[in-house]
1. Restrict the check to segment 210-232 and report whether at least one residue is in contact with a Lys or Arg (Cβ under 7 Å, 6 or more places away or on another chain), among the β-branched types (Val, Ile, Thr), closer than 30 Å to Asp292 by Cβ and modelled with pLDDT of 90 or more.
2. Assess whether Lys278 counts as being over 27 Å from the mean Cα position of the chain (by Cα), modelled with pLDDT of 90 or more and buried (at least 21 other Cβ atoms within 10 Å of the Cβ).
3. Scanning segment 220-237 for residues that are farther than 19 Å from Ile325 by Cβ and either part of a strand (DSSP E or B) or among the hydrophobic types (A, V, I, L, M, F, W, C) (or both), which turns out most open to solvent (accessible area, probe 1.4 Å)?
4. Inside segment 285-323, can you point out the residues that are modelled with pLDDT under 90 and of a type in the set (S, T, N, Q)?
5. Anything in segment 193-219 that is in a strand (DSSP E or B) and within 26 Å of Arg266 (Cβ to Cβ)? List them, or say none.
6. Collect the residues in segment 150-199 that are more than 16 Å from Ser210 (Cα to Cα), touching a Pro at 6+ places or on another chain (Cβ under 8 Å) and surrounded by 20 or more Cβ atoms within 10 Å (Cβ to Cβ), keeping them in residue-number order.
7. Taking the residues in segment 143-172 that are assigned to a loop (DSSP other than H, G, I, E, B) and more than 20 Å from Lys192 (Cα to Cα) as candidates, determine which candidate is nearest to the chain's Cα centre (by Cα).
8. Looking at Asp276, Asp301 in this structure, which one is without any contact (Cβ under 8 Å) to a residue 40 or more places away in the chain, among the charged types (D, E, K, R), part of a helix (DSSP H, G or I) and under 30 Å from Lys208 (Cβ atoms)?
Amino acid sequence: PECIIAPRSFTTTTKEAITTLATANLTSKENKKTPEATTHMKMHHISDSKVGTAIASETKLAKMQTKTTTKPTLTSPRGVTKKMERSQLQASSTPMEAEEAKSEDDGTTVTDPDTLCIAIIGSVANGKTSLVKALSGENTAKFASEKKLNMTIRLGYADFSIYRCPRCPYPFNAFSSGLLPKKQRHPIPPAKATCPKCKHKCCRVIRKVSILDAPGHHELIATMLSGAALVDACIFVVAADQDLGANSAGMLHIRCAQAAGLLQSRRLVVVQNKIDLKTIQQCAEHSYQIQDALRHTSASDAVIVPTAANRKIGIDYLCHQISQIRGVLLDSKSSSSSSSSS
């Protein structure tokens with residue numbers, strides 16, 4: 001051919017082949033009428049295909065050589081690269097984005113939060129469903145019989161996310177997706193949210209929680225235990241106006257939960273609900289009763305969180321305590337059941 005489009009990188013052999021082909025084409029145009037010229041053109045037509053294959057093979061060899069001769073990139077340790085990325089971000093970004101990177105390094109956010117499954121248990125009329133609504137923004141009492149009797153009969157389910165604000169004081173800087181508007185939290189809570197206290201717009205998710213609302217009536221103990229059989233942690237709700245006597249309904253739930261292996265200090269949060277119905281001194285005395293009731297269980301040193309679910313008081317500290325739960329409760333339940341059987 002008169003015009004050949006060749007690759008950018010050539011070796012000396014391909015360049016010589018192209019120059020000889022160009023000179024041969026010029027001589028063939030001048031001597032078209034002679035039989036020697038026709039044979040010469042046939043020979044060059046044959047050599048043209050050879051030159052094309054030679055060019056293709058040369059480009060393949062050049063690519064293989066570049067792959068073999070490229071030096072491996074030296075990767076620095078994870079902490080060094082993270083510091084370099086943080087310095088670059090702080091130098092070439094807005095102050096809000098730099099603050100986000102700083103909060104990630106402080107350990108206040110998790111890049112890939114794991115989902116925690118929690119069962120909320122307790123006696124009837126202690127405010128478990130209202131507490132679930134304050135955390136997730138959803139009402140788990142969806143049946144007409146439950147709304148009529150004002151008590152949970154079947155197992156209810158809800159999902160919510162826990163966020164942490166880098167500006168609010170620790171540990172009261174956590175909040176749940178139940179405080180967000182319904183358009184933002186439905187159907188999936190966002191990865192970033194605005195703090196309801198200081199209006200900071202870059203609060204990231206630190207924990208995703210799937211909560212199970214178990215019934216609290218003494219006739220539905222079997223439903224509560226079957227629902228809480230495969231969970232990671234538990235929230236035990238006790239109303240501030242409930243007496244924890246020896247034969248009370250609250251003590252019955254404590255004994256059943258202890259037998260099922262649900263009361264583990266590291267994976268249990270005790271909630272003292274309805275504190276708005278009592279004075280500060282009465283709530284303090286009731287918290288001592290809760291400690292006495294849990295003294296002979298494996299959750300003797302569990303954290304007690306005072307809340308008022310209807311007014312959303314104490315939800316921030318409860319979210320912080322839920323975010324601190326680590327591990328799975330199944331191993332501890334199996335060990336406790338084996339020890340009780342022995």
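The values are calculated or read from the model by the stated rules, or taken from the named source; none is laboratory data. On a predicted model such as this, the values are computed, not experimentally measured, just so you know. Here the Cβ is made from the backbone with ideal geometry for all residues, glycine too, and neighbour counts use every protein chain on show. Protein only, heavy atoms only, side chains kept; ligands, DNA and RNA dropped before computing areas. Shrake-Rupley method; radii C 1.70, N 1.55, O 1.52, S 1.80 Å.
1. Within segment 210-232, none of the residues are in contact with a Lys or Arg (Cβ under 7 Å, 6 or more places away or on another chain), among the β-branched types (Val, Ile, Thr), closer than 30 Å to Asp292 by Cβ and modelled with pLDDT of 90 or more.
2. Working: over 27 Å from the mean Cα position of the chain (by Cα): yes; modelled with pLDDT of 90 or more: yes; buried (at least 21 other Cβ atoms within 10 Å of the Cβ): no.
When the stated conditions are applied, Lys278 does not pass them.
3. Initially, segment 220-237 is screened for residues farther than 19 Å from Ile325 by Cβ, giving 220-226.
Filter once more, so that each one left must be either part of a strand (DSSP E or B) or among the hydrophobic types (A, V, I, L, M, F, W, C) (or both): 220-222, 224-225.
Working: Leu220: 39, Ile221: 23, Ala222: 77, Met224: 0, Leu225: 56 Å².
Ranking the candidates gives Ala222 first.
4. Thr297, Ser298, Ser300
5. To start, the set of residues in segment 193-219 that are in a strand (DSSP E or B) comprises 193, 203-213.
Result: Arg204, Val205, Ile206, Arg207, Lys208, Val209, Ser210, Ile211, Leu212, Asp213.
6. Thr152, Asn173, Leu179, Leu180
7. Here is the first cut: in segment 143-172, the residues assigned to a loop (DSSP other than H, G, I, E, B) are 143, 150-155, 165-172.
If we keep only those that are more than 20 Å from Lys192 (Cα to Cα) too, we end up with 143, 150-155.
Values: Phe143: 31, Asn150: 34, Met151: 32, Thr152: 30, Ile153: 31, Arg154: 29, Leu155: 25 Å.
My answer is Leu155.
8. When all the criteria are applied, what remains is Asp276.
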